[in-house]
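*Asks:* One structure, as structure tokens, below. Some questions next.
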Amino acid sequence: MRSLDELRASLDSLDHDALRRRRRSNALSCAPQATVDGRALIAFCSNDYLGLASAPALAVALAEGATRWGAGAGASHLVSGHYDVHDELEAALARFVGCARALYFSTGYMANSGILPALAGRGDAIFADRLNHASLVDGMLLSRASVHRYPHADAAALDRLLGASTARRKLIVTDAVFSMDGDLAPLAELLDLAVRHDAWLVVDDAHGFGVLGPQGRGAVAEAGLGAHPEAWRIVLVGTLGKAAGIAGAFVAGHADVVEWLLQKTRTYVYTTAAPPALAHALLESLRLIESGDARRQRLQALIDCFRAHARLQRWRLLPSRTAIQPVLIGANAETLAVAKALLEAGLWVPAIRPPTVPAGSARLRVSLTAAHDEADVIRLGQTLMHLEQIGGGR
């Protein structure tokens, strides 16, 4: 029983430090309206930024895909699980983001954790923003390359690290939109550094794809980097389970780079392919994203509305122009208490604590979507201000 007792003691320690995570089961489909434990809530938790997850057109497309292609793929892509509709989706994704080729993955975590070991190994060096997503961190560790983490969005510090490196191959790795802060990486500066130091630039645009840039083409397009003469250095990752409303991810870039990743990315080669029905539905999602300027304009209006009505003093609304609006509180227990008070008020906002964020920076992660009502966004801002004034997190 010693091993089990050790686990129980570790769980008790998580409780003591207000770090245990708990799932909440929603009885409704993905939308701002949720029902948890019989209680009606307005959810500010979802990454469904354009409100497509429950869009009737995607439900119809998914049903059509299942009717045409069945329920499963049957094998890995390189055995017999790759279908015409996968090819069609990859070609459409590549065109949409302005790259020569794209590779479709089952999840974003598999894409990020797989492509870094395929691009770098022993003797190579990876230079990563300190606030990168855990999937990128795991990919770096799996690569066995030397890892250098630079201060968040600090291009000058990165320049010094790159200049001091004698590695044969160098990778700069960054989120485009940082998932717990909502701010953007200085992508143009990072590409300039990649050119100067002969490095690759791996960009995880999980939270920008579908939302930022012309027609939602993402943060790289917004930064105008597609026309850069050395844009071939960019390895772009996009997620299809957030703004796209379904599931999966893709990696896009130069045709030879994507071919290499197809050959060498273990999380692509050694797993059953995603159901072709999903690829069928994602083609419709891509069409909705491309024609979705009205959704993006509404989302921006709601972001502006929230920031206008969440005028906090002791807690801090971090600077962000994206759908991710973090409210920095600091202490784990206080953050949990605020999240609980919001829940009691019918507002579901997740409490984010270490190790997802650095110690002492626990926060509420407010996620806005085009499907939210303005009145609910105002209500959230005003409730936060009221809780701060009465010490509702203490």
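*Asks:* Might you check whether a residue that is assigned to a loop (DSSP other than H, G, I, E, B), open to solvent by 10 Å² or more (accessible area, probe 1.4 Å) and free of Cβ contacts under 8 Å to residues at least 12 places away in the same chain occurs anywhere in the range 358-369?
*Replies:* Looking for residues that are assigned to a loop (DSSP other than H, G, I, E, B), open to solvent by 10 Å² or more (accessible area, probe 1.4 Å) and free of Cβ contacts under 8 Å to residues at least 12 places away in the same chain, one finds at least one in the range 358-369, hence yes.
*Asks:* Among the listed residues GLY238, GLY245, which satisfies the condition of being at positive phi and either open to solvent by 40 Å² or more (accessible area, probe 1.4 Å) or among the small types (Gly, Ala, Ser) (or both)?
*Replies:* GLY245
*Asks:* Given the structure, is HIS254 farther than 16 Å from ALA323 by Cα, out of contact with any strand residue (DSSP E or B) (no Cβ under 9 Å at 6 or more places or on another chain) and open to solvent by 40 Å² or more (accessible area, probe 1.4 Å)?
*Replies:* In short, no.
*Asks:* Mind counting the residues in the range 178-196 that are in contact with a Phe, Trp or Tyr (Cβ under 9 Å, 6 or more places away or on another chain), more than 13 Å from GLU230 (Cα to Cα) and not in a loop (DSSP other than H, G, I, E, B)?
*Replies:* 1
*Asks:* How many residues, within the range 149-165, are open to solvent by 10 Å² or more (accessible area, probe 1.4 Å), of a type outside the set (A, V, I, L, M, F, W, C) and outside any helix (DSSP H, G or I)?
*Replies:* 5
*Asks:* Then there is this: Give me the residue from the range 30-44 that is closer than 22 Å to VAL211 by Cβ and open to solvent by 40 Å² or more (accessible area, probe 1.4 Å) and, out of that set, nearest to the chain's Cα centre (by Cα).
*Replies:* CYS30
*Asks:* On to the next question. Is the range 131-148 home to any residue that is open to solvent by 50 Å² or more (accessible area, probe 1.4 Å), assigned to a helix (DSSP H, G or I) and small (Gly, Ala, Ser)?
*Replies:* Checked the range 131-148: at least one residue is open to solvent by 50 Å² or more (accessible area, probe 1.4 Å), assigned to a helix (DSSP H, G or I) and small (Gly, Ala, Ser).
*Asks:* Give the residues of the range 30-59 that are free of Cβ contacts under 8 Å to residues at least 12 places away in the same chain and not in a strand (DSSP E or B), sorted by residue number.
*Replies:* Those that are free of Cβ contacts under 8 Å to residues at least 12 places away in the same chain and not in a strand (DSSP E or B): GLY38, PRO56, ALA59.
*Asks:* Here is a further query. Tell me, please, whether a residue that is open to solvent by 10 Å² or more (accessible area, probe 1.4 Å) and in a helix (DSSP H, G or I) can be found in the range 310-333.
*Replies:* yes
*Asks:* Consider VAL177 against the criteria (1) open to solvent by less than 10 Å² (accessible area, probe 1.4 Å); (2) over 12 Å from the mean Cα position of the chain (by Cα); (3) under 27 Å from VAL357 (Cα atoms): it satisfies all of them except one. Which criterion is unmet?
*Replies:* Every listed condition holds for VAL177 apart from (2).
*Asks:* Let me ask you something else. I'd like to know if the range 74-87 contains one or more residues that are in a helix (DSSP H, G or I) and surrounded by fewer than 19 Cβ atoms within 10 Å (Cβ to Cβ).
*Replies:* yes
*Asks:* Looking at the range 141-163, I want the residues that are touching a residue at least 24 places away in the same chain (Cβ under 8 Å) and over 19 Å from LEU131 (Cβ atoms) and have a partner that is open to solvent by 40 Å² or more (accessible area, probe 1.4 Å) and of a type in the set (Gly, Ala, Ser) with Cβ atoms under 8 Å, at least 6 apart or on another chain. Which pairs are those?
*Replies:* Pairs that qualify, where the first residue is touching a residue at least 24 places away in the same chain (Cβ under 8 Å) and over 19 Å from LEU131 (Cβ atoms) and the partner is open to solvent by 40 Å² or more (accessible area, probe 1.4 Å) and of a type in the set (Gly, Ala, Ser), are ALA145/GLY123.
*Asks:* A further question on this structure: Would you confirm whether or not the range 343-354 contains a residue that is in contact with a strand residue (DSSP E or B) (Cβ under 7 Å, 6 or more places away or on another chain), in a loop (DSSP other than H, G, I, E, B), open to solvent by 30 Å² or more (accessible area, probe 1.4 Å) and not aliphatic (A, V, I, L, M)?
*Replies:* Yes - at least one qualifying residue is present in the range 343-354.
*Asks:* When only residues in the range 1-29 that are of a type outside the set (D, E, K, R) and touching a residue at least 40 places away in the same chain (Cβ under 8 Å) count, which is most open to solvent (accessible area, probe 1.4 Å)?
*Replies:* LEU19
*Asks:* Can you find a residue that is open to solvent by 40 Å² or more (accessible area, probe 1.4 Å) and more than 21 Å from LEU103 (Cβ to Cβ) anywhere in the range 166-173?
*Replies:* There is at least one residue in the range 166-173 that is open to solvent by 40 Å² or more (accessible area, probe 1.4 Å) and more than 21 Å from LEU103 (Cβ to Cβ).
*Asks:* Here are some residues: LEU288, LEU201. Which one is within 19 Å of CYS99 (Cα to Cα) and either in a helix (DSSP H, G or I) or open to solvent by less than 20 Å² (accessible area, probe 1.4 Å) (or both)?
*Replies:* LEU201
*Asks:* Is there a residue being at pLDDT 95 or above and within 24 Å of SER285 (Cβ to Cβ) anywhere in the range 119-135?
*Replies:* For the range 119-135, residues at pLDDT 95 or above and within 24 Å of SER285 (Cβ to Cβ): present.
The values are calculated or read from the model by the stated rules, or taken from the named source; none is laboratory data. Treat the numbers as computed from the prediction; the structure is a model and nothing was measured. We place every Cβ from the backbone using ideal geometry, glycine too, and count neighbours over all the protein chains shown. What goes into the accessible areas is simple: the full protein's heavy atoms, side chains included, and nothing from ligands, DNA or RNA. Shrake-Rupley method; radii C 1.70, N 1.55, O 1.52, S 1.80 Å.
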